[in-house]
Amino acid sequence: MRRTWVNVIGNQMVWLCAVAGAGRGWQWPAVLSASVYVASQLLTSSQPRLDLRLMLLALACAWLVDGSATASGGVQYAAAPLGWVPPPWIFALWAAFAMTLTGPMAFLQRHWLLPVALGLLAPLAYLSAARGFQAVHFTAPAWQGVATLALGWCVALSLLCAVARRGTPRKHDAPLIGAAR
């Protein structure tokens with residue numbers, strides 16, 4: 001239970017460092033906080049290989065989801081040195097989020113609709129980053145950028161949860177005593 005709270009609070013601290021830093025034009029708070037958080041999670045994980053695989057997949061999803069949102073013209077990120085390529089602070093957020101998928105967000109693996117529902121809500125974090133920290137800017141009409149992010153997150157989160165589900169050992173997979181295989 002303690003690891004769950006450390007995971008949740010750590011992930012939220014990475015988000016805060018990332019968006020607050022990005023709003024000021026800084027990359028280093030996101031990169032530093034995500035590096036410390038991800039390393040701590042991998043070192044204490046019961047499934048570090050799965051968590052590492054999820055993190056690499058999440059980084060690819062960041063490239064596609066946030067890169068598509070930027071390339072479409074609907075979303076602009078602060079502290080984005082390479083145009084439509086997502087900035088490092090976005091990659092840091094995705095890497096940190098991946099560490100929650102086998103911990104506090106493991107409930108998303110129970111039913112295929114759960115990641116879709118949470119994916120639809122993901123743009124709320126972007127809206128918070130836009131309003132509270134000026135780390136994100138939605139071009140008019142804002143609903144197009146929000147819709148692009150929501151669709152991307154629905155697909156990405158469903159994929160991430162499917163990989164997590166396949167990699168997580170299940171207690172009921174053990175054979176019954178005396179059962180023939």
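The values are calculated or read from the model by the stated rules, or taken from the named source; none is laboratory data. As the structure is a prediction and not an experimental result, all values here were calculated from the model. Here the Cβ positions follow ideal geometry from the backbone for every residue, glycine too, while neighbour counts run over all protein chains shown.
What the table shows:
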item	result
Hits in region 60-88 - residues which are in a helix (DSSP H, G or I) and either of a type in the set (Phe, Trp, Tyr) or over 21 Å from residue 138 (Cα atoms) (or both)	60, 63
Matching option when the condition is at pLDDT below 95 and touching a helix residue (DSSP H, G or I) at 6+ places or on another chain (Cβ under 8 Å), among 30, 34, 80, 69	80
Residues of region 89-109 classified as touching a helix residue (DSSP H, G or I) at 6+ places or on another chain (Cβ under 6 Å) and either assigned to a helix (DSSP H, G or I) or farther than 22 Å from residue 47 by Cα (or both), total	11
Residue within region 127-134 that is of a type in the set (Phe, Trp, Tyr), out of contact with any Cys (no Cβ under 6 Å at 6 or more places or on another chain), closer than 21 Å to residue 99 by Cα and at pLDDT 95 or above present	no
Residue tally, condition touching a residue at least 24 places away in the same chain (Cβ under 8 Å), in a helix (DSSP H, G or I), surrounded by 21 or more Cβ atoms within 10 Å (Cβ to Cβ) and not hydroxyl-bearing (Ser, Thr, Tyr), over region 110-145	5
Residue satisfying condition, being touching a Leu at 6+ places or on another chain (Cβ under 9 Å), surrounded by fewer than 21 Cβ atoms within 10 Å (Cβ to Cβ) and modelled with pLDDT of 95 or more, within set 52, 56	52
Residue list for region 7-34, filter: free of Cβ contacts under 8 Å to residues at least 12 places away in the same chain and either farther than 25 Å from residue 76 by Cβ or hydroxyl-bearing (Ser, Thr, Tyr) (or both)	9
